[in-house]
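K.L.:
I'd like to ask you about the structure that follows.
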Amino acid sequence: MARTAAEQRQFQRMTETPIPRLVISLAIPTIFSMLISAVYNMADTFFVAKLGTSATGAVGIVFAIMAIIQSIGFTLGMGSGSLVSRALGRQDKPAADAFASTAFFMAAAAGILLAVSGLVFNAPLMRLLGATPTILPFASAYARYIFFGAATMCCSFVMNNILRAEGKAVLSMVGLGLGGLLNIALDPIFIFVLRWGISGAAIATLLSQCVSFGILLFCFLSGRSITRLSFRHISWHWTTQLDIIKTGLPSFCRQSLASVATVALNVNAAVYGDAAVAAMSIVGRIFFLLLSVLLGFGQGFQPVVGYNYGAKRYERVKEAYFFCLKTGTVGLLLGGSVAFLFAPEIIAFFRNDEAVVAIGAFAFRAQCLVLPLQPLVVITNMLFQSLGKSASATFLSLCRQGIFFLPLIVILPHFFQLTGVQITQTCADILSAGCCLPFVFLFFRELKARCGGNPAPAAAGEAEC
């Protein structure tokens, strides 16, 4: 009975708390988690950079592997999370348990398969991802330990997303945050004190991921989550597994294309030497830090729209979207302006090499110019994924680093050489933002029609319009 009362209180919180307060309360822990994740990624780059330019380039190469692991974890995590939040909005807990358990064990199986494949084909894979002969030894050493942790990383992403989907963002933050802080602390010890070099950075990442996995799993096993992870809750119906994959497909496209885009960027940057690879690697890590606040904000937004859409509180869905869009745009406009002004100093902080700073500062400033467009791209994509509109969400996920980025990374360097490499992401971001506008217009027209055009608040138990 206590469990039922707790679930009911959570339902009321998610469907009745004023939108700005609810989104912010869920976003703050997820923003913190994203910042910790971004900071420990940057810590790897910062400390490894002390080993030389080739070692710095290796971090960018292995980042593509990390993106593949994340693509699996986020596909199953975001897919199950969206389904869990809508199931809880309908107050259908057995379905929520089935989605959560099925996704968890799918992630474990996929992670093990990826680990075995990566360990067997380590060196050829690093060359395929763009490692030059001087970068290859560093990349292979770093990637080896990342593959060891593939299964725990995939499962951690799933558990993290499920907790957020339940509205338990603080538990999610604790799991990822403590692991990230541990990674930051261990990096200098393993790299310099124990003299393990770039392998030390990878071992620090592996241990921190294992700690995060243990904390997140404890949240489920100790009853702190609403859903339950159990082998007996697994749904063996192919439709359930297909629903999880289909709903998570935008995340797969987004994350896997980030990996493909990183490879394409590395390959084209390698034409201009290790300094270009290192510079673009640093820019990517710093830019992820700037976007991490937006991503965290969006992840706080997703359970809100999932719950309320499931409960047919459509006006709250609309309010949450535009609140996040406006807040994100203003925030990134301010953050991007500061980053633009201090771009050379920021790049030099990571690698004070004249060539790296020159290449990196220009590319970084180009991306800062379009940073305020990112909320439209990210929040729109998260809206459609949260509501199970996988076709729209998948197409929009394909745009930024697929439909636009991949052709541009081939075309622009052909005409503008290194400058083409530096401005490719900027051009892709502008085109992606333009694609979002008709999708937003059509969706809210459909939502208004579903409500019958009535803007009045719903009576108790009725759909809000």
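K.L.:
In the stretch 119-135, which residue that is open to solvent by 30 Å² or more (accessible area, probe 1.4 Å) and touching a residue at least 12 places away in the same chain (Cβ under 8 Å) is farthest from A107 (Cα to Cα)?
P.N.:
T134
K.L.:
While we're looking at this one, here's another question. Going through the stretch 374-395 one residue at a time, which ones are more than 23 Å from G335 (Cβ to Cβ) and in contact with a Cys (Cβ under 9 Å, 6 or more places away or on another chain)?
P.N.:
Selection gives A393, T394, F395.
K.L.:
How many residues does the stretch 44-73 contain that are open to solvent by 10 Å² or more (accessible area, probe 1.4 Å) and within 29 Å of L249 (Cα to Cα)?
P.N.:
Count: 5.
One line per residue, one yes/no per condition, for (1) modelled with pLDDT of 90 or more; (2) of a type outside the set (S, T, Y); (3) more than 25 Å from R9 (Cα to Cα):
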position	(1), (2), (3)
G79	no, yes, no
M106	yes, yes, yes
S140	yes, no, yes
Y145	yes, no, yes
G149	yes, yes, yes
C155	yes, yes, yes
K168	no, yes, no
G180	no, yes, yes
I184	no, yes, yes
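K.L.:
Okay, next question. Only one of (1) under 28 Å from S156 (Cβ atoms); (2) assigned to a helix (DSSP H, G or I); (3) in contact with a Phe, Trp or Tyr (Cβ under 9 Å, 6 or more places away or on another chain); (4) at pLDDT 85 or above is not met by K318, so which one is it?
P.N.:
Checking K318 against (1) under 28 Å from S156 (Cβ atoms); (2) assigned to a helix (DSSP H, G or I); (3) in contact with a Phe, Trp or Tyr (Cβ under 9 Å, 6 or more places away or on another chain); (4) at pLDDT 85 or above, the one that fails is (1).
K.L.:
I would also like to ask the following. Yes or no: the stretch 255-270 includes at least one residue that is touching a residue at least 24 places away in the same chain (Cβ under 8 Å), within 30 Å of G167 (Cα to Cα), buried (at least 21 other Cβ atoms within 10 Å of the Cβ) and touching a Phe, Trp or Tyr at 6+ places or on another chain (Cβ under 7 Å).
P.N.:
yes
K.L.:
Would you pick out the residues in the stretch 128-166 that are farther than 30 Å from L88 by Cβ and either in a loop (DSSP other than H, G, I, E, B) or in contact with a strand residue (DSSP E or B) (Cβ under 6 Å, 6 or more places away or on another chain) (or both)?
P.N.:
L129, G130, A131, T132, P133, T134, I135, G149
K.L.:
Further, regarding this structure: For residues in the stretch 331-351 being open to solvent by less than 40 Å² (accessible area, probe 1.4 Å) and among the aliphatic types (A, V, I, L, M), which is nearest to V378 (Cα to Cα)?
P.N.:
L332
K.L.:
Same structure, new question: Failed condition for P372, given (1) surrounded by fewer than 22 Cβ atoms within 10 Å (Cβ to Cβ); (2) out of contact with any helix residue (DSSP H, G or I) (no Cβ under 6 Å at 6 or more places or on another chain), with all others met?
P.N.:
For P372, the exception is condition (2).
K.L.:
Moving on. Among residues belonging to the stretch 205-228 that are part of a loop (DSSP other than H, G, I, E, B) and open to solvent by 30 Å² or more (accessible area, probe 1.4 Å), point out the one that is farthest from L387 (Cα to Cα).
P.N.:
Restricting to residues being part of a loop (DSSP other than H, G, I, E, B) and open to solvent by 30 Å² or more (accessible area, probe 1.4 Å), the top hit is S222.
K.L.:
When the stretch 292-313 is examined, which residues are found to be under 12 Å from the mean Cα position of the chain (by Cα) and open to solvent by 20 Å² or more (accessible area, probe 1.4 Å)?
P.N.:
Those that are under 12 Å from the mean Cα position of the chain (by Cα) and open to solvent by 20 Å² or more (accessible area, probe 1.4 Å): V293, L295, F297.
K.L.:
Quick check: anything in the stretch 417-440 over 29 Å from G296 (Cα atoms) and surrounded by fewer than 17 Cβ atoms within 10 Å (Cβ to Cβ)?
P.N.:
yes
K.L.:
List every residue pair whose Cβ atoms lie under 6 Å apart, where the two residues are 6 or more positions apart in sequence or sit on different chains, the first residue falls within the stretch 1-29 and is modelled with pLDDT of 75 or more, and the second residue, located anywhere, is of a type in the set (V, I, T) and open to solvent by 10 Å² or more (accessible area, probe 1.4 Å).
P.N.:
Pairs that qualify, where the first residue is modelled with pLDDT of 75 or more and the partner is of a type in the set (V, I, T) and open to solvent by 10 Å² or more (accessible area, probe 1.4 Å), are P29/V170.
K.L.:
Does the stretch 68-76 contain any residue that is in contact (Cβ under 8 Å) with a residue 12 or more places away in the chain and over 30 Å from I198 (Cα atoms)?
P.N.:
Yes, some residue in the stretch 68-76 is in contact (Cβ under 8 Å) with a residue 12 or more places away in the chain and over 30 Å from I198 (Cα atoms).
K.L.:
From the residues in the stretch 74-96 that are in a loop (DSSP other than H, G, I, E, B) and charged (D, E, K, R), which one is least open to solvent (accessible area, probe 1.4 Å)?
P.N.:
D92
K.L.:
In the stretch 187-202, which residues are outside any loop (DSSP other than H, G, I, E, B) and either surrounded by fewer than 22 Cβ atoms within 10 Å (Cβ to Cβ) or aromatic (F, W, Y) (or both)?
P.N.:
P188, I189, F190, F192, V193, S199
K.L.:
Related question: Determine whether the stretch 152-159 contains at least one residue that is open to solvent by 10 Å² or more (accessible area, probe 1.4 Å), over 11 Å from V62 (Cβ atoms), of a type outside the set (S, T, Y) and in contact (Cβ under 8 Å) with a residue 40 or more places away in the chain.
P.N.:
Yes, the stretch 152-159 contains a residue that is open to solvent by 10 Å² or more (accessible area, probe 1.4 Å), over 11 Å from V62 (Cβ atoms), of a type outside the set (S, T, Y) and in contact (Cβ under 8 Å) with a residue 40 or more places away in the chain.
K.L.:
Okay, moving on. Hand me the list of helices (runs of 4 or more DSSP H) wholly inside the stretch 330-391 holding 2 or more residues that are of a type in the set (G, A, S) and modelled with pLDDT of 90 or more.
P.N.:
Filter on the stretch 330-391 gives 354-369.
K.L.:
Let me ask another. Checking M14 against (1) under 29 Å from G273 (Cβ atoms); (2) touching a Leu at 6+ places or on another chain (Cβ under 8 Å); (3) crowded, with 22+ Cβ neighbours inside 10 Å; (4) not small (G, A, S): exactly one of these is not met. Which one?
P.N.:
The failed condition is (1).
K.L.:
Looking only at residues that are under 13 Å from the mean Cα position of the chain (by Cα) and of a type in the set (G, A, S) in the stretch 64-77, which one is farthest from F11 (Cα to Cα)?
P.N.:
Applying the filter and picking the extreme gives A67.
K.L.:
Follow-up question, since we're still on this one. Taking A278, is it farther than 30 Å from F444 by Cα, buried (at least 24 other Cβ atoms within 10 Å of the Cβ), in contact (Cβ under 8 Å) with a residue 60 or more places away in the chain and in contact with an Asp or Glu (Cβ under 9 Å, 6 or more places away or on another chain)?
P.N.:
yes
The values are calculated or read from the model by the stated rules, or taken from the named source; none is laboratory data. Please read all numbers here as calculations on a predicted model, not as lab measurements. Quick reminder, even Gly has a Cβ in these numbers, built from the backbone with ideal geometry, and neighbours come from all protein chains shown. Surface accessibility is based on the protein's heavy atoms, side chains included, excluding ligands, DNA and RNA. Shrake-Rupley method; radii C 1.70, N 1.55, O 1.52, S 1.80 Å.
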